[in-house]
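**Q** Take a look at the following structure, please.
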Amino acid sequence: MKKLFLLLLVIPFAASAQTTAVEYNDIIVDEQNKIGQRIIDFNYAVESGEEMDMPLKLILEQIAVSIEVVEKVNPWEDGAALKNSALSLFRFYKSIVSKEYQEMVDILKKENIAESDVTRLDKLLADITEREAKLDADFSYQQEAFAKRWNIELTPSELQDELDGISE
């Protein structure tokens, strides 16, 4: 999850229009943050050798809720591209958690992890990172364009630092 942004400051003029634009952006970002936190929780379970099935299930549940929330929100003015980009990203998360993350959990549960398993884990992570980069870039672009149009200042979220630490 790259380029996760939160709103920090709104230019004071035209506040009534911006409040709605801000709220629209905040709904989307809040749902992305909820998914991000579940991914962080899962990663901690993996790193500490804890049970991984429940954190994996919780990610999928959060993704389903987040998709539903964002699908129901009405786009603010010209914000349909932001909504569509977020939904594409969330659906990507659903796909990788259901498939690749589950495969990783299955490998990590093995009593004896072979070198081929480690190679497979590395390949899964590399593939996810490569595929996610395009969706992250699009979401970031759409959010920045929306923010610029409505004079909203975006700043990186604290959650992003944790997520960046996972991928390193």
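**Q** If the requirement is being at pLDDT 95 or above and not small (G, A, S), which of these qualifies: E130, E111, E158? Explain how you work it out, then say what you get.
**A** Numbers: E111 fails: at pLDDT 95 or above; E158 fails: at pLDDT 95 or above.
Selected residue: E130, the only one of E130, E111, E158 that is at pLDDT 95 or above and not small (G, A, S).
**Q** Okay, next question. Are any of the residues in the range 70-93 surrounded by 18 or more Cβ atoms within 10 Å (Cβ to Cβ), assigned to a helix (DSSP H, G or I), modelled with pLDDT of 95 or more and of a type in the set (G, A, S)?
**A** Yes, the range 70-93 contains at least one residue that is surrounded by 18 or more Cβ atoms within 10 Å (Cβ to Cβ), assigned to a helix (DSSP H, G or I), modelled with pLDDT of 95 or more and of a type in the set (G, A, S).
**Q** Please pick out the residue among V97, V118 that is surrounded by fewer than 18 Cβ atoms within 10 Å (Cβ to Cβ), modelled with pLDDT of 95 or more and in a helix (DSSP H, G or I).
**A** Values: V97 fails: surrounded by fewer than 18 Cβ atoms within 10 Å (Cβ to Cβ).
Only one candidate qualifies: V118.
**Q** Okay, moving on. Being out of contact with any His (no Cβ under 6 Å at 6 or more places or on another chain), in a loop (DSSP other than H, G, I, E, B) and more than 16 Å from N25 (Cβ to Cβ) narrows it down to one residue among E103, E61, E111; which is it? If you could, list the steps in order and put the result at the bottom.
**A** On the way: E103 fails: in a loop (DSSP other than H, G, I, E, B); E61 fails: in a loop (DSSP other than H, G, I, E, B).
Answer to the check: E111.
**Q** Given the structure, is I128 assigned to a loop (DSSP other than H, G, I, E, B), on the phi < 0 side of the Ramachandran plot and surrounded by 12 or more Cβ atoms within 10 Å (Cβ to Cβ)? Even if it seems obvious, please write down each step before you answer.
**A** Values: assigned to a loop (DSSP other than H, G, I, E, B): no; on the phi < 0 side of the Ramachandran plot: yes; surrounded by 12 or more Cβ atoms within 10 Å (Cβ to Cβ): yes.
No.
**Q** What number of residues in the range 44-64 are polar (S, T, N, Q) and over 14 Å from the mean Cα position of the chain (by Cα)?
**A** So in the range 44-64, the residues polar (S, T, N, Q) come out as 48, 62.
Retained after the next criterion (residues that are over 14 Å from the mean Cα position of the chain (by Cα)): 48.
Qualifying residue count, the range 44-64: 1.
**Q** Oh, and also: So if I check each of A145, A133, which one is part of a helix (DSSP H, G or I) and more than 24 Å from F42 (Cα to Cα)?
**A** A145
The values are calculated or read from the model by the stated rules, or taken from the named source; none is laboratory data. If you're wondering where the values come from, they're calculated on a predicted model, not measured in any experiment. A quick note on method: Cβ atoms are made from the backbone with ideal geometry, for glycine too, and the neighbour counts reach across all protein chains shown.
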